[in-house]
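Reading through the structure tokens given below for one structure.
The values are calculated or read from the model by the stated rules, or taken from the named source; none is laboratory data. Computed from a prediction, not measured in an experiment: that's the story for all the values here. For neighbour counting, all protein chains shown are included, and Cβ atoms are generated from backbone atoms with ideal geometry for every residue, glycine included. Remember, those area values only see protein heavy atoms, side chains included, never the ligands or the DNA or RNA. Shrake-Rupley method; radii C 1.70, N 1.55, O 1.52, S 1.80 Å.
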Amino acid sequence: MQLVVARIGRAHGIKGEVTVEVRTDEPELRLGPGAVLLTDPASAGPLTVETGRVHSGRLLLRFEGVRDRTAAEALRNTLLIAEVDPTEMPEEEDEYYDHQLIDLDVVLADGTGVGRITEISHLPSQDLFIVERPDGTELMIPFVGEIVTEIDLEEQRAVIDPPPGLIDDRAEIASSREDEAGSSEESGEERA
């Protein structure tokens, strides 16, 4: 199975290094020296990582055969793709690869079906499940422990406990004005 693990950014310096936007939780494993990566577009690769280092909070890579700024700049916006065994599990217990989550059924704790995960959106603040409902509409469910209470890969389902309004349009909105209006009417006060 192929997983996108990074996107090449701009060239860094004059010796062929590039910045990379990491898209994996395991960069030391997927982007370490000696790693052979497929590319999108395919014509840019495969690329073999020669060296890697962190500079000012950014990962810099140099690939075999890329020796100058011009060659490095030609790789800009290329996606780096690792070949991963589909049965491989992440090191941490509560981590999952995107391909393990795609097509899971999303259900409430009582078993009520909500839809099916069609995509995982990786945002800077959190990940989102893009869920297709039976009627064809889509929902965005934050992939956080307070909402996604269980991932059961054997049963192929994700159990959620959504707050009011997340999965339906019938959110209960408490208005303090109604409470004030009700209490002032009861006490005989007049509102201005």
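Data overview
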| read-out | value |
| --- | --- |
| Region 22-113, accessible surface, carbon-and-sulfur percent (1.4 angstrom probe) | 49 |
| Span per principal axis, largest first, for the Cα atoms of region 19-83 (Å) | 27, 26, 20 |
| Virtual spin-label span in nm between ILE147 and LEU123, 7 Å along Cα→Cβ | 0.8 |
| Expected-Rg normalisation [2.2 N^0.38 Å, Cα atoms] applied to region 41-122 | 1.60 |
| Those residues of region 7-50 whose amide nitrogen sits under 18 Å from the label point placed on GLU73, 7 Å along Cα→Cβ | 8-20 |
| Accessible surface, region 68-148, averaged per residue in Å² (probe 1.4 Å) | 59 |
